[in-house]
1. Can you say what percent of the DSSP beta bridges in the chain, counting only those with both residues inside, are antiparallel? Round to 5.
2. What angle do you read, to the nearest 10 degrees and between 0 and 90, between the alpha-carbon axis of helix 338-350 and the longest principal axis of the chain?
3. Which of the lysines could a cross-linker span from Lys56 if the Cα-Cα distance has to be under 20 Å and same-chain partners fewer than 8 positions apart are dropped?
4. Can you give the angle from 0 to 90° between the axis of helix 70-80 and the longest principal axis of the chain, with both taken from C-alpha atoms, to the nearest 10?
5. For a quick check: sort Ser286, Ser9 by the number of other beta carbons within 10 angstrom, fewest at the front.
6. Of the listed peptides 23-31, 179-187, 63-71, what is their order by residue-averaged count of other C-beta atoms within 10 Å, with the highest listed first?
7. Let a ≥ b ≥ c be the square roots of the eigenvalues of the Cα gyration tensor of segment 42-134; is it rounded (a/c under 1.5), or, if not, prolate (a/b larger than b/c) or oblate?
8. Please arrange Met172, Met1, Met293 by counting, for each residue, the other beta carbons lying within 10 Å of its beta carbon, fewest first.
Amino acid sequence: MKVAIITGSAGLIGSESARFFSDKMDLIIGIDNNQRAYFFGKEASTEWCKNELEKKIQNYKHYSLDIRNFDALKNIFEQYGTDIKLIIHTAAQPSHDWAAKEPITDFTINANGTLNLLELTRLYSAKAVFIYTSTNKVYGDTPNLLPLVELKNRWEIDKNHPYHKEGIDENMSVDNSKHSLFGASKLAADVLAQEYGKYFNMNVAIFRGGCLTGPNHSGAQLHGFLSYLMKCAVTGNHYTVYGYKGKQVRDNIHAYDLVNMFYHFYLAPKHGEVYNAGGSRFSNCSMKEAITMCEQIVGKKMNYSYAEDNRIGDHIWYISDVSKFKKHYPNWNYQYNLINILEQIFTCQIAPK
């Protein structure tokens, strides 16, 4: 029997993973205790997604447990053992703003929870593929030291810099920068995952995501940039743009495209490999550009204002260089560009869950 364990299974990437792998595995075990509602309020609850997965995926089995609970996780790993072929670990406290409110909660979920899963994989399913969804915040605010040029609607990197063509690669330093507490806890888990891959020769991949997005994102003010922006565009709720003249740039990758990266790694795994994973030059926008696109899709002006103070540790310009992954897995490519993504989110926003 082939079993996949997916943590954060009712979240954006977890639920996409459950759907994607449901016809490739005999059993999908979803682990998610809807902590997102605790972090961001009832409007960010993923309960609707959990119910949908249970209804639509016949081989999906849900466990509402906390990844900090080693013994509860151990029961699952003991039960399925070497039948476990794949672990996709997406569960996390995902906001660098929220992390400062409860640093211990943030660290124990992001770092200790990841350690629990890595160690249980080593003990019970050592040949399985382990995929960890990290973040570009592991680089801290080092990207802000790049030579940036202010254009009319966005910041851009100097055209003579090596990162201009493809974006930021995996060689950027993760040291001596301001990460936010969230970035620090995710970096701890990132390094742990690398170490289990390299030290124990386990099939581990670390994907350092840009803005992960898609129609199934339960967007909230503190997390879920495009989803929450479109929600405000549809409802007329107020949106605040924080700092950098609204010209800060993000690359955005559709959940399907990221999970498809997972699949390619699963088919030909490596030990402790790190990949930047975002929209790259293929799919990126500034805040101002995103607002304009949302207004065009919705057909009305947004209700937003500008606050001078930027978020601590926020990136002015970040575009992921995915060429390393493409070199390792040349058959992978994007399926969704930025307009596709926003139109899907819009359709989801106007259709009640």
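Bear in mind these aren't lab numbers, they're just calculated from the coordinates by the rules spelled out. Source: prediction; values computed, not measured. No Cβ is skipped: glycine too gets one built from the backbone with ideal geometry, and neighbour counts run over all protein chains shown.
1. Around 15 percent of the beta bridges assigned by DSSP in the chain are antiparallel ones.
2. Value to nearest ten degrees: 80.
3. Straight-line reach from Lys56, under 20 Å: Lys2, Lys24, Lys353.
4. Relative to the chain, helix 70-80 is tipped by roughly 60 degrees.
5. Ascending number of Cβ neighbours within 10 Å: Ser286, Ser9.
6. Ranking, from highest mean packing down: 179-187, 23-31, 63-71.
7. Here segment 42-134 falls in the oblate category.
8. In increasing order of surrounding Cβ atoms, one gets Met1, Met172, Met293.
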